[in-house]
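Before any comments, here is the structure.
The values are calculated or read from the model by the stated rules, or taken from the named source; none is laboratory data. Since we're looking at a predicted model, the values are computed, not measured. Here the Cβ is made from the backbone with ideal geometry for all residues, glycine too, and neighbour counts use every protein chain on show. Surface areas here come from the heavy atoms of the whole protein model, side chains and all, with no ligands, DNA or RNA. Shrake-Rupley method; radii C 1.70, N 1.55, O 1.52, S 1.80 Å.
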Amino acid sequence: DLANTVWAYATADYYHQALLADCSRVISDSLARDPSRWSEEDRRQLHQWQLWLSLERGADAQQHLLPSPQRKLCRDAMVATIARPSGLQRSVAAALAAVQHGFEEEHLEPRTGYSLDLALPSSRVAVEVDGPSHFLLPDGRGVRKPNGPTLLKRRLLAAAGWRVISVPFYEWDGFATANGQQTYLERAVAPLLG
């Protein structure tokens with residue numbers, strides 16, 4: 001699956017000039033012939049690959065960008081993703097509203113097409129509520145590390161000028177009171193808004 005391959009290169013932040021040149025040509029030719037051969041998920045992954053090239057890899061990588069209509073087709077697939085806030089996200093949103101007004105839920109970030117769990121666009125601060133699906137299994141020491149898609153999203157948002165705060169489920173679940181949750185968020189958000 002070529003979309004998954006180039007997405008994996010973006011996720012790993014591994015730039016291979018010759019391989020990406022060949023992939024870009026094959027993908028562009030295929031999209032030009034029959035875009036319906038590429039699933040919505042394929043096009044979302046292609047969009048993230050294109051974001052990586054344009055936001056993180058600099059001038060040298062621009063030669064691998066797809067033509068504008070193909071990039072739009074891929075971005076449209078990304079934007080069409082319907083966000084479904086979890087109970088965890090709603091809990092964080094409620095506590096955050098008590099600490100800092102103005103955060104929007106499921107804010108569509110226009111440059112990247114990502115949906116931000118909670119965002120204060122005027123300050124370019126995002127709060128991402130990271131449930132279990134955002135992490136690898138704990139290592140031998142019990143440490144949970146973010147998975148590839150989560151790290152890629154954080155990097156791309158940072159490259160687009162956002163400051164991202166992660167609220168991991170295992171930290172959030174450790175608070176027994178609303179006061180503890182609010183204090184946690186206040187400490188995380190205040191330095192970025194100060």
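The table below gives the values:
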{"item": "With Cα atoms, 0 to 90° folded angle of helix 40-51 axis to the chain main axis", "result": "90"}
{"item": "0 to 90° range, to nearest 10: angle between helix 2-12 axis and the chain longest Cα axis", "result": "50"}
{"item": "Value of [θ]222 nm, deg cm²/dmol, for the chain, DSSP H segments ≥ 4, -39500 (n - 2.57) each, nearest 500", "result": "-15500 deg cm²/dmol"}
{"item": "For F135, distant residues with modelled amide H under 5 Å away", "result": "N147"}
{"item": "Dipole-positive endmost among L157, Q45, L88 within the chain (Cβ charges, Cα centre)", "result": "L157"}
{"item": "Label zone at A8 (point 7 Å along Cα-to-Cβ), backbone N below 16 Å, the stretch 29-45", "result": "42, 45"}
{"item": "Computed over the chain: relative contact order in percent, which uses C-alpha pairs under 8 Å that are six or more apart", "result": "18"}
{"item": "Gyration tensor over alpha-carbon atoms, the stretch 65-194, equivalent ellipsoid semi-axes in Å", "result": "27, 19, 13"}
{"item": "Antiparallel DSSP beta bridges within the stretch 60-194, percent to nearest 5", "result": "55"}
{"item": "Rounded to whole Hz, the Karplus (6.51, -1.76, 1.60) HN-Hα couplings of the stretch 30-38, x for glycine and proline", "result": "5, 4, 5, 6, 7, x, 5, 6, 9"}
{"item": "Carbon + sulfur, % of accessible area of the stretch 112-193 - ligands and nucleic acids excluded, 1.4 Å", "result": "56"}
